[in-house]
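Inspection log for the structure reproduced underneath, given as structure tokens.
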Amino acid sequence: MQELRIIVALAAASISLLLAMYTFVVRWHRRPSKTLAAFGVLMLGTTGWALTAGLGYIAPTADGMRLWLHLEQVAIVLVPSAWFALAVSYTGRENWLTRKTVTLLAVEPIITLLVTASNRWHGLMWAETTVATAMDGTVSLEYTFGLYHYLHLAYSYTLVLASIGLFLWMVLTSDRLYRRQSVALTVGVLAPLATNIFAGSGQPWDVLFTMPTGLTIAGLALGYAIFRFRLLDVVPVGRATVIEKMRDGFVVLDEHDRIVDLNATARTLAGDDVIGTQATTALPELSQLFESRDPESRTHDDIVVETDDGQRFYTAHLTPLRDDGSLGRLLTIRDVTDNRRIEKRYQALIENASDIITVVDQEGTLAYVSPSVKRILGREPETLRGQSPLEYVHPDDRARVKTAFADIGVDTGTVRFECRVEDADGTVRVVESVGQDLTENPFVQGIVVHTRDVTERHQREQELERANEHLEAFASAISHDLRNPLNVAAGNLELARTEREEAYFQRVESAHERMETLIDDLLRLAKQGQTVAETDQVDLETVATDAWETVETAQATLDIRETDTIDADRNRLRQLFENLYRNAIDHAGEDVTVRVGTVSDGFFVEDDGPGIPADQRQAVFQSGYTTSTDGTGFGLAIVRNIVDAHGWSIQAVESESEGARFEINCVEAIAETTAPAAPSGQG
């Protein structure tokens, strides 16, 4: 009987070793996988278990038996974890086998090996071991298990039973096309349990039913399922959740174009009982696709199949399946009937439409773009399909357009919006779009957007708006800028009547000339628009001083610190200074000091008054904005208009004396900045 035990153990070790070698030497280099790794480790563990058990039987001494017992434990600890990893991977749950999971699975085996190695000091694995001699003279090692052995046993059986549960669940829920594989898996799963049950019968055949023997039988059955049916190469075990639910048809062919497997969608075309049937017989409509043995992928469009529901249109794609050699071919069949119907419907209605017509699907991408997009924006419709329409909208308009699309179907079924888009040449164009929710329409299933190029209309509207603003500014300037010369003329005329001095009449005449010039300039501004047509080289000090003479300055003082020669319209520059002077006197008082000077790229006008609050420094340039009870709010708006007409920029900041300071920038100086000939202080 002892000899039989040894033969069974060595046979189990040999078979398991061959399976492990085949896994790692032959199969591994073709396509490594977690399933192969787990199966190979399981077979190595079984090999070690069977081999150490057999050598333990023939050990001549008690110490030799104990040594093989300890080595046997090294092999045993591999089996439960490898068995569990194989079940998890084989049943399509490879995502469970993370680095963290594998690390946790390794903890118990490591502890077991440490407890086994140190057993002589604590007896937690084997409390007592003795040598016993049977009646036939056979010598064997008897032992009493320690506490840790039972903990290890409970952990191992938990993993094994969990693995068996995963395998059986897969067998019970697998498609009927895998019946032979299911039988092989069932045998492999139940073999270790069967050997455990029969091993305790007390009969002579107990020597045949050892755990290594059961694991070897399991390895043969699982190897048959894996390698014979090439499940790892052609038909993954996890196909139920990936392939069976695909909307496209899926057909696996062997190297002779016989059908090996197909999913539910494909069965609606080929039939149910077609396993082993030639593809040309089951799918005659695709026979032309199978004629060529071209190793490259091939696609066949516009396949028409007559069904009970009428004509259906399909696209088929045939792809070779290779490993070291040819495994077969994979056929995917896509139903494009709905697409064809939509395309034909739209093609008849809108191919020559003057507007761009697009369909935005529920994912927010362009499902259809009319050919007119090439004429209007210079873009090919094919390059736009599948992309988000927001990609071509100006970044500043995207949020508004996105909100408009979000409102469709929620607050309203139709939206209208304008936005800027970029054509193929990079030119920004203004378009007007009207979107309508037709997602419930089976022939559309999306939002239909009609887009019209309104760039020219938008430009005309902007020109009209600018003209209206300009007209308003013109009317305001007439009443605002002419008031000061009139006041100066009236005051000097009154003095002339009482004092009868010639100088007052000259000032009246100068004021009248100034009014005439202003009227001419305002009329010219109204006719020519916002841009300065002609400029001259002018000296800032001269223009600033002349402007001061036409402003009613009371007790105010002018201080010109630096001067430049710049390129500007003299009259409009003088008008700019006059408005800034009046603004300072009106808001800082009649005794204000006004300073004029230069900065690195322009000039400034500042006062020593109360200044402008930081939150109002942008608003002061708006037409009609004023904080004074008797002000019109047009003075600084006119200044801003003159600055814009020259292509300059202006900003309101705080002066060194905490008053108001207006800096005019982007002004190109003709000559270097110089100090005036003498300090200028005028009152």
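Tell me the residue from Glu578, Glu552, Glu590 that is charged (D, E, K, R), within 30 Å of Gly491 (Cβ to Cβ) and at pLDDT 90 or above, please. Explain how you work it out, then say what you get.
Numbers: Glu552 fails: at pLDDT 90 or above; Glu590 fails: at pLDDT 90 or above.
Residue meeting the stated conditions: Glu578.
For the stretch 589-596, state whether one or more residues are part of a loop (DSSP other than H, G, I, E, B) and surrounded by 20 or more Cβ atoms within 10 Å (Cβ to Cβ). Step through it out loud before you land on a result.
Quick first cut of the stretch 589-596, residues part of a loop (DSSP other than H, G, I, E, B) only: 589-592.
Narrowing the set further to residues that are surrounded by 20 or more Cβ atoms within 10 Å (Cβ to Cβ) leaves 592.
Yes, the stretch 589-596 has at least one match.
Just checking, does the stretch 84-101 include any residue being part of a helix (DSSP H, G or I), over 30 Å from Thr173 (Cα atoms) and basic (Lys, Arg)? Can you show your working first?
Of the residues in the stretch 84-101, the ones part of a helix (DSSP H, G or I) are 84-90, 94-96, 99-101.
From what is left, the residues that are over 30 Å from Thr173 (Cα atoms) are none.
Checked the stretch 84-101: no residue is part of a helix (DSSP H, G or I), over 30 Å from Thr173 (Cα atoms) and basic (Lys, Arg).
Can you pull out the residues in the stretch 32-77 that are in contact with a Pro (Cβ under 7 Å, 6 or more places away or on another chain) and part of a helix (DSSP H, G or I)? Full working, then the answer.
Going through the stretch 32-77, the residues in contact with a Pro (Cβ under 7 Å, 6 or more places away or on another chain) turn out to be 46, 49-50, 53, 77.
Answer for the stretch 32-77, where residues must be in contact with a Pro (Cβ under 7 Å, 6 or more places away or on another chain) and part of a helix (DSSP H, G or I): Thr46, Trp49, Ala50, Ala53.
Does the stretch 264-283 hold any residues that are out of contact with any Gly (no Cβ under 7 Å at 6 or more places or on another chain) and closer than 21 Å to Arg247 by Cα, and which are they? Let's see the steps before the verdict.
Initial filter on the stretch 264-283 (out of contact with any Gly (no Cβ under 7 Å at 6 or more places or on another chain)): 264, 267-268, 270-281, 283.
Matches in the stretch 264-283: Ala264, Arg267, Thr268, Ala270, Gly271, Asp272, Asp273, Val274, Ile275, Ala279, Leu283.
Inspect all residues belonging to the stretch 42-56 and state whether any of them is hydroxyl-bearing (Ser, Thr, Tyr) and surrounded by fewer than 18 Cβ atoms within 10 Å (Cβ to Cβ).
Going through the stretch 42-56, the residues hydroxyl-bearing (Ser, Thr, Tyr) turn out to be 46-47, 52.
The next check asks that each one be surrounded by fewer than 18 Cβ atoms within 10 Å (Cβ to Cβ); those that pass are none.
No, the stretch 42-56 contains no residue that is hydroxyl-bearing (Ser, Thr, Tyr) and surrounded by fewer than 18 Cβ atoms within 10 Å (Cβ to Cβ).
Among the residues of the stretch 544-558 satisfying the criterion of being part of a loop (DSSP other than H, G, I, E, B) and of a type in the set (S, T, N, Q), which is surrounded by the most Cβ atoms within 10 Å (Cβ to Cβ)? It would help to see each step written out before you state the result.
Within the stretch 544-558, the first condition is being part of a loop (DSSP other than H, G, I, E, B), and the residues that meet it are 550-556.
After this cut, where a residue has to be of a type in the set (S, T, N, Q) as well, the list is 550, 553, 555.
Numbers: Thr550: 24, Thr553: 20, Gln555: 10.
Once the filter is applied, the top-ranked residue is Thr550.
Given the structure, is Leu55 more than 18 Å from Leu222 (Cα to Cα) and in contact with a helix residue (DSSP H, G or I) (Cβ under 7 Å, 6 or more places away or on another chain)?
Values: more than 18 Å from Leu222 (Cα to Cα): yes; in contact with a helix residue (DSSP H, G or I) (Cβ under 7 Å, 6 or more places away or on another chain): yes.
When the stated conditions are applied, Leu55 passes them.
Could you grab me the full set of residues in the stretch 411-467 that are surrounded by fewer than 15 Cβ atoms within 10 Å (Cβ to Cβ), more than 17 Å from Ser372 (Cβ to Cβ) and of a type in the set (Gly, Ala, Ser)?
Gly413, Gly426, Ala467
Hey, among the residues in the stretch 526-543 that are at pLDDT below 90 and in a helix (DSSP H, G or I), which one's surrounded by the fewest Cβ atoms within 10 Å (Cβ to Cβ)?
The selected residue is Lys527.
Mind listing whichever residues of the stretch 597-622 are surrounded by 18 or more Cβ atoms within 10 Å (Cβ to Cβ), of a type outside the set (A, V, I, L, M) and assigned to a loop (DSSP other than H, G, I, E, B)? Break it down stepwise before answering.
As a first pass, look at the stretch 597-622 and keep what is surrounded by 18 or more Cβ atoms within 10 Å (Cβ to Cβ): 597-598, 602-609, 611-612, 620-621.
Subset that is of a type outside the set (A, V, I, L, M): 597-598, 602-604, 606-609, 611, 621.
If the condition is that a residue be surrounded by 18 or more Cβ atoms within 10 Å (Cβ to Cβ), of a type outside the set (A, V, I, L, M) and assigned to a loop (DSSP other than H, G, I, E, B), then Asp608, Gly609, Gly611 are the ones that fit.
Go through the stretch 577-588 and give me each residue that's aliphatic (A, V, I, L, M) and buried (at least 24 other Cβ atoms within 10 Å of the Cβ). Working first, answer last.
If we filter the stretch 577-588 for residues that are aliphatic (A, V, I, L, M), which is where we start, we get 580, 584-585, 588.
Leu580, Ala584, listed by residue number.
From the list Ile638, Ile642, Ile650, which residue is within 30 Å of Gln537 (Cβ to Cβ), at pLDDT 90 or above and crowded, with 19+ Cβ neighbours inside 10 Å? Give the steps one after another, and end with the answer.
On the way: Ile638 fails: at pLDDT 90 or above; Ile642 fails: at pLDDT 90 or above.
Selected residue: Ile650, the only one of Ile638, Ile642, Ile650 that is within 30 Å of Gln537 (Cβ to Cβ), at pLDDT 90 or above and crowded, with 19+ Cβ neighbours inside 10 Å.
In this structure, is Gly249 modelled with pLDDT of 65 or more and assigned by TED's automatic domain parsing to the domain that holds Gly92? Break it down into steps so the answer makes sense when it comes.
Numbers: modelled with pLDDT of 65 or more: yes; assigned by TED's automatic domain parsing to the domain that holds Gly92: no.
Against the criterion (modelled with pLDDT of 65 or more and assigned by TED's automatic domain parsing to the domain that holds Gly92), Gly249 does not qualify.
Output the residue which, of all residues in the stretch 534-559 that are without any contact (Cβ under 8 Å) to a residue 60 or more places away in the chain and of a type in the set (D, E, K, R), is nearest to Thr593 (Cα to Cα).
Filtering the stretch 534-559 for residues that are without any contact (Cβ under 8 Å) to a residue 60 or more places away in the chain and of a type in the set (D, E, K, R), the one nearest to Thr593 (Cα to Cα) comes out as Glu549.
Of all residues in the stretch 401-416, count the ones that are outside any helix (DSSP H, G or I) and not hydroxyl-bearing (Ser, Thr, Tyr).
Applying the first criterion (outside any helix (DSSP H, G or I)) to the stretch 401-416 yields 408-416.
From what is left, the residues that are not hydroxyl-bearing (Ser, Thr, Tyr) are 408-411, 413, 415-416.
Total meeting the criteria: 7.
Name the single residue that is surrounded by the most Cβ atoms within 10 Å (Cβ to Cβ) among those in the stretch 353-374 being among the polar types (S, T, N, Q) and over 22 Å from Pro442 (Cβ atoms).
So the first thing to find is which residues in the stretch 353-374 are among the polar types (S, T, N, Q), and the list is 354, 358, 362, 365, 370, 372.
Going one step further and asking which of them are over 22 Å from Pro442 (Cβ atoms), we end up with 354, 372.
Details: Ser354: 11, Ser372: 19.
That would be Ser372.
Of the conditions (1) exposed (fewer than 13 other Cβ atoms within 10 Å of the Cβ); (2) hydrophobic (A, V, I, L, M, F, W, C); (3) touching a residue at least 40 places away in the same chain (Cβ under 8 Å), Leu104 fails just one. Which one is it?
Going through the list (1) exposed (fewer than 13 other Cβ atoms within 10 Å of the Cβ); (2) hydrophobic (A, V, I, L, M, F, W, C); (3) touching a residue at least 40 places away in the same chain (Cβ under 8 Å), Leu104 breaks only (3).
The values are calculated or read from the model by the stated rules, or taken from the named source; none is laboratory data. Please read these numbers as outputs of a predicted model, since none were measured by experiment. We place every Cβ from the backbone using ideal geometry, glycine too, and count neighbours over all the protein chains shown.
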